[in-house]
Amino acid sequence: MYPAPFEYSAPTTLEEATALLAELGDEGRVLAGGQSLLPMMKLRLATPGHLVDINRIPGLDRIEHVDGHLQIGALVRHADVVDSQEIADASPLMASTAPWVADPLVRNRGTVCGSVAHCDPEGDWNSVMLALGAEVVAASRHGERVIPIEDFVVDYFTNSLQAGEMVTAVRIPRGDAGTAGKYLKLERKVGDYATVGVATHLRIDGGTIVEAGIGLTSVGPRNIKAREAEAMLVGEAPSSELFAEAARAAALASDPASDVRGPADYKRAVVEAYVRRGLEACVRQISEEG
Amino acid sequence: MRVDVTINGEPRSAEVEPRTLLVDFIRTHLGLTGTHVGCDTTSCGACTVILDGKPVKSCTVLAVQAHGSELRTVEGLRQNGRLHPIQAAFKEHHGLQCGFCTPGMMLVGAALLEKNPAPSEEEIRWELSGNLCRCTGYMNIVEAIKAAGAGSAGDAVGEDLGAAESVAAAEEMEAHA
């Protein structure tokens with residue numbers, strides 16, 4: 001299968017790329033890892049007139065500390081996250097997610113930012129970003145703006161970028177002491193979409209939960225931030241009763257559809273079990289940390 | 001657009017449309033048909049090639065994206081008419097049945113062994129998890145990679161291909177391209 005014909009440019013600077021995108025408007029589409037975009041183009045679900053390949057722009061492949069954040073550049077591949085010590089230190093949640101994204105060959109090519117921008121509700125990263133309170137850094141000819149992830153993820157395959165804008169990085173708050181996270185994913189086989197995925201993030205200070213994040217994959221028209229469940233946790237001491245209650249609230253926030261991967265009731269039950277297990281895993285991580 | 005690559009150590013180039021997939025560039029434009037097209041949907045790994053040191057699915061990379069890069073395909077495994085240890089191990093341990101997935105399996109195995117010369121069975125299975133064998137011959141594929149890593153592929157290691165038809169076919173193809 002071939003994609004429909006398109007024009008192709010491979011700029012070598014960000015300025016060149018944003019100038020091109022400004023000129024192209026809706027016809028322009030950024031190509032990074034291409035592991036979602038190219039299959040969609042082959043199926044003619046996407047028919048961009050002009051691809052702007054950003055792979056030749058230096059500097060976008062960095063994982064670096066910027067203003068108290070850990071910033072993941074637009075060309076950081078899933079495999080780079082698997083291998084990164086910075087990620088392991090700063091975000092146990094990201095570190096536990098990366099090995100479960102797609103398969104090893106796709107991880108060598110696909111990017112975190114590309115997955116974030118794609119806004120596929122069955123993608124893993126946006127649940128993680130919602131749980132962590134991440135921000136998306138977008139560049140255009142007019143400069144840069146920072147978009148909170150909750151404003152970025154709009155709907156099914158829809159983000160809030162404007163024409164002429166591209167994602168240059170996603171950034172997460174640096175994990176302070178007492179931070180833990182876990183991604184749990186039920187999949188039929190490697191490389192399949194998640195039947196259910198659950199991202200959990202906790203920070204505990206002096207026996208009290210001071211931060212809680214829960215993101216849900218494949219159980220709604222977009223990745224879901226389980227706000228009510230999060231709010232139940234903050235300010236409380238961790239306990240199995242509390243976690244069970246939060247897990248029930250998260251399951252209620254999910255909106256799964258029955259499909260080949262299972263009936264909706266089953267998926268909702270998996271959300272509940274995984275939220276509880278994820279939160280318990282976070283507490284174990286923190287107590288092991290000492 | 002012109003695409004220049006170094007493939008199996010040899011500089012090659014061709015003019016392609018931007019929408020040309022890397023796998024078609026390798027098979028059609030460069031005449032190296034050892035890389036297979038299986039599912040064409042990023043699922044099966046039959047089209048696996050090594051792009052700048054990393055195994056990727058070449059049905060999901062544009063040829064123009066590979067401009068200036070270094071590629072390695074199954075044809076690049078044999079050296080001076082001798083089987084690569086991974087090829088010898090696949091032969092000795094019956095790591096192939098129909099052979100369709102084999103180029104991808106061997107390249108993923110070879111890339112893994114370059115990174116980790118003595119992987120555990122679990123590490124091998126994890127690394128192979130993006131490659132499908134429709135004959136379901138996974139047991140022997142895993143055995144073969146393990147043997148190649150341990151350098152215990154026996155007498156077959158470095159075996160002379162001699163007059164094997166594959167050499168003649170490969171040379172004919174190289175001359176033809």
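Here are a few things to note about the model shown:
- Amide H contacts of residue A:168 (H built 1.01 Å from N, under 5 Å, at least 5 apart or other chain): A:137, A:138, A:139
- When both region B:57-97 and region A:165-183 are represented by their alpha-carbon centers, they are found 37 Å apart.
- Taking the fewest neighbouring Cβ atoms within 10 Å as the starting point, the ordered list for B:28, B:136, A:97, B:42 is B:136, B:28, B:42, A:97.
- Helical segments meeting 24 Å axial Cα length and Kyte-Doolittle -1.0 threshold in chain A (DSSP H): A:264-289
- Spatially, region B:7-27 and region A:42-61 are offset by 18 Å when compared through their Cα centroids.
- Residue order, fewest to most surrounding Cβ atoms within 10 angstrom, among A:100, A:125: A:100, A:125
- Highest-MSF residue in chain B out of B:55, B:119, B:18 [GNM, Cα springs under 10 Å]: B:18
- Between A:62, A:188, A:203, the residue with the greatest mean-square fluctuation in the GNM of chain A (Cα pairs under 10 Å linked by springs) is A:188.
- The amide H of residue A:30, built 1.01 Å from its N in the peptide plane, has A:52 as neighbours under 5 Å, considering only residues 5 or more places off or on other chains.
- Where only DSSP H runs of four or more residues are counted, chain B gives -9000 deg cm²/dmol as its mean residue ellipticity at 222 nm, each run worth -39500 (n - 2.57).
- Taken residue by residue and averaged, Cβ atoms of other chains lying within 10 Å of the Cβ of B:128-135 number 4.
- Relative contact order for region B:2-76, counting Cα pairs under 8 Å that sit 6 or more residues apart, in percent: 41
- Backbone amide hydrogens, once placed in the peptide plane, bring residue B:38 within less than 5 Å of B:46, B:47, excluding anything fewer than 5 places away on its chain.
- For chain A: relative contact order, % (alpha-carbon pairs under 8 angstrom, 6 or more apart): 16
- Unit charges on C-beta of K, R, D, E only; dipole of the protein assembly as shown, Debye: 680
- Debye, to nearest 20: dipole size of region A:179-289, +1 on Lys, Arg Cβ, -1 on Asp, Glu Cβ: 460
- Taking other Cβ atoms within 10 Å as a rough exposure proxy, B:101, A:119 sort from fewest to most as A:119, B:101.
- Think of it as helices only: each DSSP H run of n ≥ 4 in chain A is worth -39500 (n - 2.57), and spread over all residues that comes to -10000 deg cm²/dmol at 222 nm.
- Taking Cα centre as origin and charging only the Cβ of basic (Lys, Arg, +1) and acidic (Asp, Glu, -1) residues, the dipole magnitude of region A:7-53 rounds to 360 debye.
- Highest-fluctuation residue, A:250, A:237, A:117 considered, GNM on chain A with Cα pairs under 10 Å: A:237
- The angle between the Cα long axis of helix B:138-150 and the main principal axis of chain B comes to about 80°, on a 0 to 90 degree scale.
Read the figures in this text as sums done on the coordinates, not as results from a lab. Since the structure is predicted, the reported quantities are computational estimates derived from the model, not experimental observations. When we count neighbours, we look across all protein chains shown, and the Cβ atoms used for this are built from the backbone with ideal geometry, even at glycine.
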